[in-house]
Amino acid sequence: MTKLSIIYYSATGHGTTMAHRLAAAAEAAGAEVRVRHVAETRDPQTFAENPAWSANYEETKDQPAATGDDIMWADGVIFGSPTRFGSTAAPFQTFMDSLGGLWAQGKLADKAYAAFTSSQTAHGGQETTLIGLYTSLMHFGGVLVPPGYTDGLKFVDGNPYGVSHITGPENQNELNDATLAALDHMATRVVKIAGSLAQ
Ligand SMILES: Cc1cc2nc3c(=O)[nH]c(=O)nc-3n(C[C@H](O)[C@H](O)[C@H](O)COP(=O)(O)O)c2cc1C
């Protein structure tokens with residue numbers, strides 16, 4: 001069975017929803033899947049007045065948090081982070097920074113990688129977030145598996161770099177059909193290519 005890890009940080013829950021959608025699609029494609037959140041680094045009291053952030057924290061805090069072993073175990077990894085100032089969120093980057101020892105041993109190389117993100121606005125930095133994340137994956141010696149326009153549905157969601165969701169000004173937007181289809185497509189494609197690499 002192809003092994004896929006989905007490793008993501010989410011504050012207000014959009015990333016969590018996207019991660020679980022990816023997991024369901026990957027399992028439907030025949031993969032064994034680990035969903036691992038990157039642990040919150042802030043004191044929960046500092047976001048206690050944000051109900052979505054508190055709810056996502058409570059929902060995920062007792063789930064296993066991501067470690068380097070979740071990458072070593074996998075044939076493919078899909079990473080996710082919200083866009084913050086056009087880049088990945090600090091807790092996600094802290095997780096990436098923890099991987100230096102595995103990187104030095106070459107243990108992050110030769111796996112299939114792709115990524116997803118969300119941002120408040122359409123042009124708020126989704127592409128820069130994904131491309132910045134992919135820069136790190138090139139340092140890993142990873143095999144990048146961006147979705148490109150490999151299916152007609154990619155002309156609907158319109159992001160060849162990965163999958164992205166626009167949360168809206170009050171963080172109120174639900175994942176739309178185009179984004180859901182793009183998540184399913186990316187998960188299926190990464191499982192297929194990760195499986196080929198693992199043979
Ligand atoms: C510190 C901070 C910086 C942000 N920077 C951006 C940004 O550059 N562009 C944008 O469109 N949204 C920005 N946002 C909004 C987040 O991208 C949005 O809330 C996020 O996608 C929600 O994902 P989550 O629910 O998984 O945490 C920012 C939010 C925070 C808290």
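ALA66: open to solvent by 40 Å² or more (accessible area, probe 1.4 Å), within 16 Å of the ligand (Cβ to nearest atom) and touching a strand residue (DSSP E or B) at 6+ places or on another chain (Cβ under 8 Å), yes or no?
Working: open to solvent by 40 Å² or more (accessible area, probe 1.4 Å): no; within 16 Å of the ligand (Cβ to nearest atom): yes; touching a strand residue (DSSP E or B) at 6+ places or on another chain (Cβ under 8 Å): yes.
Here the answer is no, as ALA66 does not meet what is asked.
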Problem - Subset of the stretch 1-44 (residues that are touching a Phe, Trp or Tyr at 6+ places or on another chain (Cβ under 8 Å), within 13 Å of the ligand (Cβ to nearest atom) and open to solvent by 30 Å² or more (accessible area, probe 1.4 Å)) - result: THR12, GLU40
Fill in the blank from the handout: Condition set more than 16 Å from the ligand (Cβ to nearest atom) and touching a residue at least 12 places away in the same chain (Cβ under 8 Å), scope the stretch 87-102, selection farthest from the chain's Cα centre (by Cα): answer is GLY101
Handout entry: Check on GLN105, free of Cβ contacts under 8 Å to residues at least 24 places away in the same chain and either under 25 Å from ARG36 (Cβ atoms) or of a type in the set (Asp, Glu) (or both)
Key = yes
Problem - Filter result for ARG84 (within 11 Å of the ligand (Cβ to nearest atom) and either buried (at least 17 other Cβ atoms within 10 Å of the Cβ) or under 15 Å from the mean Cα position of the chain (by Cα) (or both)) - result: yes
Practice task
Can you tell me which residue within the stretch 119-150, out of those that are buried (at least 19 other Cβ atoms within 10 Å of the Cβ) and among the polar types (S, T, N, Q), is nearest to the ligand (Cβ to nearest atom)?
Solution key: SER119
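The values are calculated or read from the model by the stated rules, or taken from the named source; none is laboratory data. Nothing here was measured: the structure is a model prediction, and the numbers come from that model. Methodologically, a virtual Cβ is constructed for each residue, glycine included, from the backbone with ideal geometry; neighbour enumeration extends over all protein chains shown. To get the accessible areas, we keep the full protein, side chains included, count just its heavy atoms, and leave off ligands, DNA and RNA. Shrake-Rupley method; radii C 1.70, N 1.55, O 1.52, S 1.80 Å.
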